[in-house]
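Asker: Before I ask anything, let me first share the structure, which is written out below as structure tokens.
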Amino acid sequence: MISLRHRLIIYILFILTFLLVTPVVQAMPSDIQGHWAEDSISNLVDKGVLNGYPDGSFHPDQSITRAELAKTLAVAYKFQASNKKGQFPDTKEHWAKAYISALADNQIITGYPDGTFKPEAPITRAEIVAMLTRLLKIGSAEEQYTMDFVPSFPDLEKDYWAFHQIELAFRLGILPGYFQPEFRPSRLASRADTAWMIEQLLNLNTVRGKILDNPTGSNLLTVEPDEGEIQIAFVPPEAIVFRNNITTTAQELIKSDQVTIFFNRNNEPAIIKSFGDVNKNDLLGRLSAMVKGRLSSEQISSILAGDWEQVKESIKGELYNQLLQVGLTPEEAESILVQDWAYLDTIGRDRLSAALSSYLGITKDLSRAILDRDFARIKEYAKIELAAIALEKLLGQGLM
């Protein structure tokens, strides 16, 4: 006969076994029912990515601090907590120092110009979008834009520090709908905003692999993923495509390039980043980026070849006006544009250099080197990253 003591031990063991094999379900916050971000909050709370407050609430419309966001992102993306005391003087004794250091180690977060992080400061919409795009490794300072972005938000200027990150996030569909029509970058991000955006980011479909085929004139990419079966993706015209961190078109991507395709919420390719051997288009693209996209790679190539007919009439018209402003007669300006050097002396060419320099925002030395097609001087004056490698390859392959 089993004694009462033995029965009690068996009962306790049964309870402990039940607790060990039964998953722990986080209690849902009491104040999110009916909220627009209820599902996202519930999902992330259930996964342990977000936490409510001790009283059972979540305060979805309350702002989130930089420290709270650092912990949330570190947990969501499983960044190893760092044992460092902190890269920032104001986080060395902070409760979130391990999470902040982990994100800093992975270049996800940065501090302020004075070297501080301000962990208890509420985070703005622009700041959170910048962090989220860094998680995807897009929107970095290394990216060069030769295309003319039409702002998606009327309150954002193209020179705003987070303009491109916000535009990329918008195209991926990871911004809440009510962020339109105005983005209001300095407005504080709420805990609900954070939950919704992070869930969208975690659910994004991303394919990484090698380009197997890219038929000429086609927007179809055949990709061999690092994992899984071969995929064929149609790249819509509105997709943003980078090759070696320079914006380009899908047709310019090359077989054997390493590529990452980011699909938007409609499962359409929205952003493509490809890396491969440096070629002529890379150099032209960097030149185009230097003049802030006012001339495309094709137009620069035409100028280098002396083929002004391929340059848009609007560009020629603008240059024509610039020539008149620096004192040329209409006849001189027209002769310069068609490069009739027999009609003009060296002063005329210098005047064209001045006009080209003024229009493109580059030095007169560089504009003169472009007109003379002096690639050695272009390399010297442009100071383009990788230019030496690119020019060596181009000259060696006879591409110019």
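The values are calculated or read from the model by the stated rules, or taken from the named source; none is laboratory data. Everything numeric here is computed off the predicted structure, so don't read it as measured data. Quick reminder, even Gly has a Cβ in these numbers, built from the backbone with ideal geometry, and neighbours come from all protein chains shown.
Asker: Scan (1) without any contact (Cβ under 8 Å) to a residue 12 or more places away in the chain; (2) buried (at least 17 other Cβ atoms within 10 Å of the Cβ) for the single condition Gly177 breaks and write down its number.
Answerer: The one condition Gly177 does not meet is (2).
Asker: Which members of the stretch 39-59 meet the condition of being within 13 Å of Met197 (Cα to Cα) and surrounded by fewer than 19 Cβ atoms within 10 Å (Cβ to Cβ)?
Answerer: Hits for the stretch 39-59 are Asp39, Asn43.
Asker: Here's something else I'd like to know. Of all residues in the stretch 153-174, which are surrounded by 15 or more Cβ atoms within 10 Å (Cβ to Cβ) and assigned to a loop (DSSP other than H, G, I, E, B)? Before you say what the answer is, go through the steps one by one.
Answerer: The initial filter retains those residues of the stretch 153-174 that are surrounded by 15 or more Cβ atoms within 10 Å (Cβ to Cβ), namely 153, 156, 160, 162-174.
Result: Phe153, Leu156, Tyr160, Ala162, Gly173, Ile174.
Asker: Related question: Considering only the stretch 191-214, state which residues are buried (at least 21 other Cβ atoms within 10 Å of the Cβ) and of a type in the set (Ser, Thr, Tyr).
Answerer: Thr194
Asker: Right, another one. I'm trying to understand the selection: among the residues of the stretch 180-190, which are touching a residue at least 40 places away in the same chain (Cβ under 8 Å) and surrounded by fewer than 16 Cβ atoms within 10 Å (Cβ to Cβ)? Full working, then the answer.
Answerer: Applying the first criterion (touching a residue at least 40 places away in the same chain (Cβ under 8 Å)) to the stretch 180-190 yields 183-190.
Arg184, Ser186, Arg187 - these are the residues of the stretch 180-190 that are touching a residue at least 40 places away in the same chain (Cβ under 8 Å) and surrounded by fewer than 16 Cβ atoms within 10 Å (Cβ to Cβ).
Asker: Please note which strands (runs of 3 or more DSSP E) are completely contained in the stretch 210-265 and include at least 3 residues that are of a type outside the set (S, T, N, Q) and either in the same structural domain as Phe170 (by TED's automatic domain parsing) or in contact with a helix residue (DSSP H, G or I) (Cβ under 9 Å, 6 or more places away or on another chain) (or both).
Answerer: On the way: elements: 220-225, 231-234, 240-243, 246-248, 258-263.
It comes to 240-243.
Asker: Please verify whether Ile138 is buried (at least 20 other Cβ atoms within 10 Å of the Cβ) and either at pLDDT below 95 or assigned to a loop (DSSP other than H, G, I, E, B) (or both), treating the condition exactly as stated. Walk me through it before giving the result.
Answerer: Numbers: buried (at least 20 other Cβ atoms within 10 Å of the Cβ): yes; either at pLDDT below 95 or assigned to a loop (DSSP other than H, G, I, E, B) (or both): yes.
Here the answer is yes, as Ile138 does meet what is asked.
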